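The values are calculated or read from the model by the stated rules, or taken from the named source; none is laboratory data. Quick caveat: nothing in here was measured; it's all calculated off a predicted structure. Here the Cβ positions follow ideal geometry from the backbone for every residue, glycine too, while neighbour counts run over all protein chains shown.
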């Protein structure tokens, strides 16, 4: 069985935070897979390349979805460094560890008789929302019955994720001289007042036990004012709301519009993901986790963030996030635990071998 760490180190060395780097890492993965006996289809969506490789056969398909892009990092983060059991580097956890393990799992199983098809997808653009990567693939028909997105989950299985609602709100007040602010209406203060009132709206107070205590609401950006001696007339704010699976983004927008005279623009809406904990694939995956690790029970939980699995659900797929142990993704000290990457690789192999005929 191949060790995933050398491959992971090579993937970390490729700065895939930009389109040039994405093209380089996709080319590298394509060559690696071909060198290890896999047939690879390269798909181009404008300047965004992606790969698909398929093994096994059957009426049902399991998708291993891995994104090759990363957020920006410092130059030294593209030099992988090991400290004990930890491997540091940009993308080590998010999610080149998952990518490396998935590639090796495909190579290890390519000659075996599997009861279901297994489709590896290596995609770009996840860090920017996935529209040019996974969404494009699913819209072209590259879908499946059960999808594993290899995001870092500390070997837990995330069966739910919140939806995404990103809004830009433009507020207009009245200008005045800063020495007489009472004669104006400060648009920045209007924005602050609106922000505080949002937390009193019905959607912000809703709960969804046992998975979620509340929706996530972030004041992401603000722009307003032009001069020291002028009461600001305009202010623009950006909100990132991660809404609960049972909530409606349209209703959230309606509630916000009801408490402001500002103009509410929708920047982006992303669907939540809800996969039944009793899903047979989830049960098989949990069993494989127990077989490989010392865990008495697999940890099934819900994520606050979003992932590319959301693009499969409208085509009938059930998606989860499942990846190795890691910490600090998007940060200065991103790292993954090397032993967990090896365990993760073996869990995937055991899981895919265990799938029944359909």
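So the values come out like this:
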| item | result |
| --- | --- |
| Given (1) surrounded by fewer than 15 Cβ atoms within 10 Å (Cβ to Cβ); (2) under 22 Å from residue 266 (Cα atoms); (3) over 25 Å from the mean Cα position of the chain (by Cα), index of the condition residue 226 fails | (2) |
| Residue match in region 263-281 (condition: surrounded by 20 or more Cβ atoms within 10 Å (Cβ to Cβ) and farther than 28 Å from residue 11 by Cβ) | yes |
| Selected residue [crowded, with 24+ Cβ neighbours inside 10 Å and within 14 Å of the chain's Cα centre (by Cα)] from 131, 135, 96 | 96 |
| Region 41-59: number of residues that are crowded, with 19+ Cβ neighbours inside 10 Å and more than 23 Å from the chain's Cα centre (by Cα) | 2 |
| Meets criteria (under 21 Å from residue 31 (Cβ atoms) and assigned to a helix (DSSP H, G or I)) for residue 122 | no |
| Index of the failed condition, residue 113 passing every other in (1) free of Cβ contacts under 8 Å to residues at least 60 places away in the same chain; (2) farther than 23 Å from residue 60 by Cα | (2) |
| Test for residue 286: is it in contact (Cβ under 8 Å) with a residue 40 or more places away in the chain and either crowded, with 20+ Cβ neighbours inside 10 Å or in the same structural domain as residue 101 (by TED's automatic domain parsing) (or both) | yes |
| Residue 171 surrounded by 23 or more Cβ atoms within 10 Å (Cβ to Cβ), over 30 Å from residue 329 (Cα atoms) and in contact with a strand residue (DSSP E or B) (Cβ under 9 Å, 6 or more places away or on another chain) | yes |
| Among the candidates 300, 355, residue that is farther than 22 Å from residue 85 by Cβ, surrounded by fewer than 22 Cβ atoms within 10 Å (Cβ to Cβ) and under 20 Å from the mean Cα position of the chain (by Cα) | 300 |
| Residue check for residue 87: under 28 Å from residue 354 (Cα atoms) and either outside any helix (DSSP H, G or I) or within 20 Å of the chain's Cα centre (by Cα) (or both) | no |
| Count of region 134-192 residues which are over 30 Å from residue 41 (Cα atoms) and in a loop (DSSP other than H, G, I, E, B) | 11 |
| Elements of type strands (runs of 3 or more DSSP E) contained in region 1-78, each with 3 or more residues being without any contact (Cβ under 8 Å) to a residue 40 or more places away in the chain | 40-45 |
| Odd one out for residue 219 among (1) touching a residue at least 40 places away in the same chain (Cβ under 8 Å); (2) within 21 Å of residue 161 (Cα to Cα); (3) in contact with a helix residue (DSSP H, G or I) (Cβ under 6 Å, 6 or more places away or on another chain) | (1) |
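This table checks each residue for (1) in the same structural domain as residue 248 (by TED's automatic domain parsing); (2) more than 30 Å from residue 343 (Cβ to Cβ); (3) touching a helix residue (DSSP H, G or I) at 6+ places or on another chain (Cβ under 8 Å).
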position	(1), (2), (3)
151	no, no, yes
154	no, no, yes
175	yes, yes, no
180	yes, yes, no
189	yes, yes, no
201	yes, yes, yes
